[in-house]
Amino acid sequence: MSIKDSGIGSSWIERVGHWSMTGSILLLFFTNCGFLFSSLQILQHLFGNTRISSSIHHSAGIFFSISLVISFSFWIKDCLPDGEDLDWLKGGGYFGRSGPPPSKGKFNTTQKLYFLGTAIFGIMASSSGIVLWSPHLFKLELVAWCHVFHCFSATFFAVTGIIHVYHRHFLPAPRLKREEYY
C-alpha cells in the first residue's frame, strides 16, 4: 500500500526519522538531568553510573544529529512559510482574530514554525555539544557560551516537546488525506 492510498501524511522513513529524533531527545534529557540537578542524580544511576550516563548522552547526541539531518532533508520542502502563513502571523496568530492557522499543504503554520525551531535549536544543540564534548580544545569563553546555548536549546526541546505531544494527541487537528496536500 502506498502513502497516497493509506491516507497517512508521512512515509515510513519520515516516521523513523521523527521517532529516532524523539527517542534520542528523551535519552539526552534524562541522561543530562542528573548532571544539571543534584536532586535528580538518581537518573544517572538508572543508566549505571555517571560515566555510562555520559557515554549514553554523547551517543544519543550523535544519533540526534543524524536524525535531525534526515528529518530536515525530508521536510524542508513542505515547511517553508509562504505568504498565507506570514499573513496569519501578522494578524496575531492564535492571539489575533485570524482564526486557526492556514492548512495549506502538508503542514500548517504552527507546524512549520515548530519545524524551523527544531532545525535552528537542533543545530545549536549539536554544534555546542561538539564543543562541550572536548572543551580543552577550545577557548574558555567559547566553552562558556556553548554551555548557555546548549542549555537554551535543551530548554526549547523540553518545553516545545510537551506542547508538541499535547497538540498531536490531546488537541488533534483535522487530518487531510495525502491527495489533499497538493
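Does at least one position in segment 62-84 carry a residue that is over 21 Å from the mean Cα position of the chain (by Cα) and in a helix (DSSP H, G or I)? There is at least one residue in segment 62-84 that is over 21 Å from the mean Cα position of the chain (by Cα) and in a helix (DSSP H, G or I).
Can you say whether Glu141 is in a helix (DSSP H, G or I), surrounded by fewer than 17 Cβ atoms within 10 Å (Cβ to Cβ) and in contact with a Lys or Arg (Cβ under 6 Å, 6 or more places away or on another chain), as far as the supplied structure shows? Criteria not met by Glu141.
For segment 30-84, the set of residues classified as polar (S, T, N, Q) and in contact with a Phe, Trp or Tyr (Cβ under 7 Å, 6 or more places away or on another chain) consists of Thr31, Ser53, listed by residue number.
Being among the β-branched types (Val, Ile, Thr) and out of contact with any helix residue (DSSP H, G or I) (no Cβ under 7 Å at 6 or more places or on another chain) is a condition met by no residue of segment 90-109. Of the set (1) closer than 28 Å to Arg15 by Cα; (2) modelled with pLDDT of 95 or more, all apply to Val131 but (1).
When the criteria are applied in full, Glu84 fails the requirement of being among the charged types (D, E, K, R), closer than 30 Å to Ser103 by Cα and in contact (Cβ under 8 Å) with a residue 40 or more places away in the chain.
For segment 88-97, the criterion of being assigned to a helix (DSSP H, G or I), in contact with a Leu (Cβ under 9 Å, 6 or more places away or on another chain), modelled with pLDDT of 85 or more and not aromatic (Phe, Trp, Tyr) is met by at least one residue. For segment 1-42, a residue qualifies if it is at pLDDT below 85, under 24 Å from Phe121 (Cβ atoms) and surrounded by fewer than 18 Cβ atoms within 10 Å (Cβ to Cβ), and the qualifying residues are Gly9, Ser10, Phe35, Leu36, Phe37, Leu40.
The values are calculated or read from the model by the stated rules, or taken from the named source; none is laboratory data. If you're wondering where the values come from, they're calculated on a predicted model, not measured in any experiment. Every residue, glycine among them, receives a Cβ derived from its backbone with ideal geometry; neighbour counts consider all protein chains shown.
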